[in-house]
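Worksheet for the structure shown next.
Each value in this text was obtained by applying a stated rule to the coordinates, not by laboratory testing. This structure is a prediction, so every number in the text was calculated from the model and none was measured. For neighbour counting, all protein chains shown are included, and Cβ atoms are generated from backbone atoms with ideal geometry for every residue, glycine included.
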Amino acid sequence: MDSSTISSIGSIFAWAGPVIFAVIGETITERAGVMNLSLNGSLILTAMVGFAIATITHNFLAGFLAAALVGALVALLIAFMSIGLKQSQVAVGYVLAMATKSLAYFMGAPYVGKPVILLPVIPIPFLSQIPLIGPILFKQTLLTYFSYLLIIAAYIYIFKTHQGLILQGIGERPSAAYVRGANVNLLRYIYVGVGGAFVGVGGALYSLSVKTWNGQLSGFDGIGWIVLAITIFGGWHPIKGALGSYLFVLLQYLGIVLQPLMPQVNSRVLQVAPFPLMILALLFVNIGNTDWVDRTLAGLPENVRRTIAKVLRALNTRQPAALGIPFENE
Amino acid sequence: MEMTQKENTQIKNRRSIFTTLLTNRFSNLTLAVIMALLVTFILIWLMDANPLKVFAVMWRGSFASWDSTTQVLQAWVPLVLATIGLMFTFTSGLWNIGMEGQIEMGAIFAYGIIRIYTGTETSGGVVILLAILSGMVGGAFWALLVGLLKNFGGVNEIFGGLGFNFIADAVMLYLVYGPWKPAGVANGSTKMLDKIYWLPQVKGTYLSLWALGIAILSVILVTIILKGTYFGLKLKAVGKNNKSSFLLGIPTNRYMLLSFILCGLFAGLTGALQVTGFNHVLRNNISGGYGYLGLMVGMLANIQPLVTAPIALIFIALSKGAAGLGIDLKLDSNLSGVIQGCLVICVLMMAGVRRLLTVKGKGARNG
């Protein structure tokens, strides 16, 4: 494999960074029982904030912190409207998705055309020397390394720690968690805030390492919705969600690589490819939950039914039972 | 003891003035609007601009001249049509985010019919009528797909709808840059329609009274269907409590599909009118974000079809007015989206506060 192929495969991991941060953030948020539907807007807003603050302060850390703060604030607004004021999470999330996008373009307009600043690539000593894998995985920016660690850390936290068990509890059966002494609503605020902060880091990572803020972000607009779909597709599991993210970025990348082979088709047509795949993926993971499939299966011969049911069950994901439902302690 | 009682009454009285302000529907709404304006003023001020000047420019941009007013009315047509369609899905408790793609499909179907008939003997009026009908079919078809995915595939209509929006985008791009592009140029738009396929316009403006009339009739029609028929009542029951309605014998799945189809018909109508009434071409972005904006207008209208008309007018005036901000004040025109979003959030927030206070009040009385 020549070096240009290796570096382009490496760039898939770099591009996936923002998506990973957002997917893990949303996974944590939804595990806690709250849906942050604003991602498409909040990612663009935090991309703008990260770039603007890093440009003003000449400091990447300040940019990321500001973006994380903004991401957390947007998410907390949804939590407050839903937990505190009992408004529909879907409604609030949707409006915020629209409003934060407009806000990003409105407040970000003065920063269009500012000099590009990109996070430096820091090869990890020794590990980057490994043939093939080294240059692909370990010649990245610091935040890309964080994205690898985040996947593992989120997995361990959710499934292997006591705190993670409570996190699952407040999303699955909040009343049971409450009886066990968990302050359900406070924990939901905390996890929604943390999840939003990760989304913010993802947004800033996009404008500071993948593409600079240019007031349009045409390749980025729409990714927020895909992130929400990947979270479902990944079954609210950090590792499966991460695999979904890499798959998505790979597809996007292939769309760009294959474009020259089809010069008669407009380049933006192929970029749409992830969306029909998103629908198909959601169809596969959800169809086992529908009544008519149950009814149809019941009429089939035993061995056929068992095989189909097994396949459907393997594909099936089930959302946290209390997702989107406000908790009230009686 | 007496002292505390007196204090209690005092606190209650003070509380009651404050609560009345928050619980009265009108003052609650006024407070929400003031809050939204306050937030917007701060944001504009943060951008080193004078908020009052900004609103003056926006007012001038939308209502100062006959020319701009007709443009506002022209843009009001697609927004109010999109919103009125959404009343069906909102009533049955569904989120038709796929409106945008359904408008595009309506436009594609309408243009397709006109393309077929261009150069034939058929009279312009008949072709326009056929185009509008076919546009409605196109919109309904695209909406039906989302509904089927929801009912039979378990795919949430939000993701189904969004997915189909992007697919409609791709179909549109493929057509206008591919088979339907005018000879020689590829600029994201088809050839202009022959004048006989345009809906008549008011002299010297872009406004088509036909389109305006169709929009007004649609608002009245949907109000009658939703507020005055048994069907509307049943649809509302499905939206309020799906399970109970099913147990009471309403085929809920069929009603949900039907609400998608009805919504799609209006989306298609919107797209067809964009082609024959205003743009006179098929082009990329012909749906103009009206589907997405319509959802916000619909949220504010709170399933009251008649209310959609004035709210849509305010929203479209904000959008049109903001277009001039770049030239006059060097501000980005996306400010309109910020104001619209703030408005909806503040109204939802105050509605939440109102609900909280009234529920608490009831609880206290019961206790």
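Rounded to the nearest Hz, the phi-derived 3J(HN,Hα) couplings of the range A:175-182 under the Karplus curve 6.51 cos²θ - 1.76 cosθ + 1.60 (θ = phi - 60°) are 5, 5, 5, 5, 4, 6, x, 7, where x marks glycine and proline.
Semi-axes of the equivalent ellipsoid for chain A, computed as √(5λ) from the eigenvalues of its C-alpha gyration tensor and ordered from largest down, come to 32, 27, 20 Å.
Filter the cross-link list A:Lys160/B:Lys243; B:Lys234/B:Lys320; A:Lys101/B:Lys203; A:Lys240/B:Lys150; A:Lys240/A:Lys310; B:Lys150/B:Lys320 down to pairs whose alpha-carbon distance in this structure exceeds 27 Å. Over 27 Å Cα-Cα: A:Lys160/B:Lys243; B:Lys234/B:Lys320; A:Lys101/B:Lys203; B:Lys150/B:Lys320.
On the principal axes of its alpha carbon atoms, the range B:72-164 extends 47, 32, 18 Å, with the longest extent given first. Distance from the Cα centroid of the range B:283-326 to that of the range A:258-330 is 33 Å (rounded to whole angstrom). Taking the empirical scaling 2.2 N^0.38 Å for compact globular proteins as reference, the range B:247-349 has a Cα radius of gyration ratio of 1.33. Translational diffusion of chain B, estimated by Stokes-Einstein from the Kirkwood radius over alpha carbon pairs at 37 °C in a medium of 0.692 mPa s, is 146 µm² per second. For the range B:77-352, averaging the sequence separation of C-alpha pairs within contact (under 8 Å, six or more residues apart) and dividing by the residue count gives a relative contact order of 35 percent.
Rounded if a/c is under 1.5, else prolate if a/b beats b/c, else oblate: with a ≥ b ≥ c from the C-alpha gyration tensor eigenvalues square-rooted, which is the range A:56-208? Oblate, because a/c is 1.5 or more while a/b does not exceed b/c.
Partners of B:Lys181 within straight-line reach, counting lysines whose Cα lies under 28 Å from its Cα and excluding those fewer than 8 residues away in the same chain: B:Lys191, B:Lys195. Tell me whether the range B:134-265 comes out rounded, prolate or oblate; compute the Cα gyration tensor, take square roots of the eigenvalues as a ≥ b ≥ c, and use a/c under 1.5 as the rounded threshold. Since a/c reaches 1.5 but b/c is at least a/b, the shape of the range B:134-265 is classed as oblate. So what is log10(I(q)/I(0)) for the range B:193-277 at q = 0.15, 0.24, 0.25 1/Å, when the Debye sum runs over its Cα atoms only? Debye intensities relative to I(0), on a log10 scale: -0.68, -1.14, -1.19. For peptide A:81-91, the mean count of partner chain Cβ atoms within 10 Å of a residue's Cβ comes to 4.
The phi-based Karplus calculation (6.51 cos²θ - 1.76 cosθ + 1.60; θ = phi - 60°) puts the 3J(HN,Hα) values of the range A:23-35 at 5, 5, x, 5, 4, 4, 4, 6, 4, 7, x, 10, 9 Hz, whole numbers, x for Gly and Pro.
Per residue of A:226-233, other chain Cβ atoms within 10 Å of the residue Cβ number 2 on average. Its Cα gyration tensor gives the range A:287-328 an equivalent ellipsoid. The semi-axes, each the square root of 5 times an eigenvalue, are 28, 11, 6 Å from largest down. Rounded to two decimals, the Cα-based Rg/Rh of the protein assembly as shown, with Kirkwood Rh, is 0.97. Across the range A:155-183, no residue has a backbone nitrogen under 16 Å from the label position 7 Å along the beta-carbon direction of A:Asn316. Each peptide among B:177-188, A:22-33, A:282-293, A:75-86 gets the average number of other Cβ atoms lying within 10 Å of its residues, and from highest to lowest they stand as A:22-33, A:75-86, A:282-293, B:177-188. Kirkwood analysis of the Cα pair distances in the range A:228-297 returns a hydrodynamic radius of 13.8 Å. With contributions of -39500 (n - 2.57) from each DSSP H run of at least four residues, the per-residue ellipticity at 222 nm computed over chain A stands at -22000 deg cm²/dmol. When the square roots of the Cα gyration tensor eigenvalues are ordered a ≥ b ≥ c, the ratio a/c for the range B:10-132 is 1.5 or more and a/b exceeds b/c, which makes its shape prolate. Volume per residue of the convex hull around the Cα atoms, evaluated for the range A:1-129, comes out as 144 Å³. Scalar couplings 3J(HN,Hα) for the range B:349-355, obtained by applying the Karplus form with A = 6.51, B = -1.76, C = 1.60 to θ = phi - 60°, are 5, 5, 4, x, 4, 4, 5 Hz; x denotes Gly and Pro.
Using r as the Cβ-Cβ distance of B:Leu221 and B:Phe141, and R0 as 22 Å, what FRET efficiency do you calculate, to the nearest 0.05? Rounded to the nearest 0.05, the efficiency is 0.55. With contributions of -39500 (n - 2.57) from each DSSP H run of at least four residues, the per-residue ellipticity at 222 nm computed over chain B stands at -26000 deg cm²/dmol. Inter-chain Cβ neighbour count for B:141-149, averaged per residue, equals 1 (cutoff 10 Å, partner chain atoms only).
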